[in-house]
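As structure tokens, the structure follows; a few thoughts come after it.
The values are calculated or read from the model by the stated rules, or taken from the named source; none is laboratory data. On a predicted model such as this, the values are computed, not experimentally measured, just so you know. Positions of Cβ are generated from backbone atoms using ideal geometry, with glycine treated the same way; all protein chains shown enter the neighbour counts. Side chains are part of the model used for accessible areas, which takes the heavy atoms of the whole protein and leaves out ligands, DNA and RNA. Shrake-Rupley method; radii C 1.70, N 1.55, O 1.52, S 1.80 Å.
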Amino acid sequence: MSALINFSIDLNKISKSSINSKNGKAYINLTMSCNDETRFGNNTSVSVRQTKEERDSKAAKRYIGNGQVVWTNGTVVLAEKEETQQEPQTASAPSGDFLDF
């Protein structure tokens, strides 16, 4: 699928408890929903991603923004996780290109 989606986020609606820190960087996990219906010129909404426990308990979503699809090729596909292959680490012998004093 190809699509361009413009949206705005109300930063005042993001609680500090929703911000995760990792490697000195701050992240927030979000969910964007695209709808066929348009309301007030918008057909997307952005909410803070719910945990499994929040979903299971039917907790209300925390909406923080909305937007509109501005272009699409008409096809929506599920994202697939790419498998990453790590090459085995091998110790290399000295090449002999150094001087040992």
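Would you point out which residue out of 67, 24, 41 is surrounded by 10 or more Cβ atoms within 10 Å (Cβ to Cβ) and small (Gly, Ala, Ser)?
Numbers: 24 fails: surrounded by 10 or more Cβ atoms within 10 Å (Cβ to Cβ); 41 fails: surrounded by 10 or more Cβ atoms within 10 Å (Cβ to Cβ).
When all the criteria are applied, what remains is 67.
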Within segment 1-60, tally of residues that are of a type in the set (Phe, Trp, Tyr) and assigned to a strand (DSSP E or B): 2
Residue 59: passes all of (1) surrounded by 13 or more Cβ atoms within 10 Å (Cβ to Cβ); (2) more than 22 Å from residue 76 (Cβ to Cβ) but (1)
List every residue pair whose Cβ atoms sit under 6 Å apart, with the two residues 6 or more apart in sequence or on different chains, where the first one lies in segment 1-15 and is under 30 Å from residue 74 (Cβ atoms) and at pLDDT below 90 and the second, anywhere, is assigned to a strand (DSSP E or B) and open to solvent by 60 Å² or more (accessible area, probe 1.4 Å). 3/72
Tabulated pairs, segment 56-75, first farther than 24 Å from residue 12 by Cα, second surrounded by 15 or more Cβ atoms within 10 Å (Cβ to Cβ), C-beta under 9 angstrom, 6+ apart or interchain: 70/5; 71/5; 72/5
Taking segment 71-101, which residues are in a strand (DSSP E or B) and either modelled with pLDDT under 85 or surrounded by 10 or more Cβ atoms within 10 Å (Cβ to Cβ) (or both)? 72
Considering residues that are over 19 Å from residue 44 (Cβ atoms) and open to solvent by 90 Å² or more (accessible area, probe 1.4 Å), the number found within segment 7-21 is 4
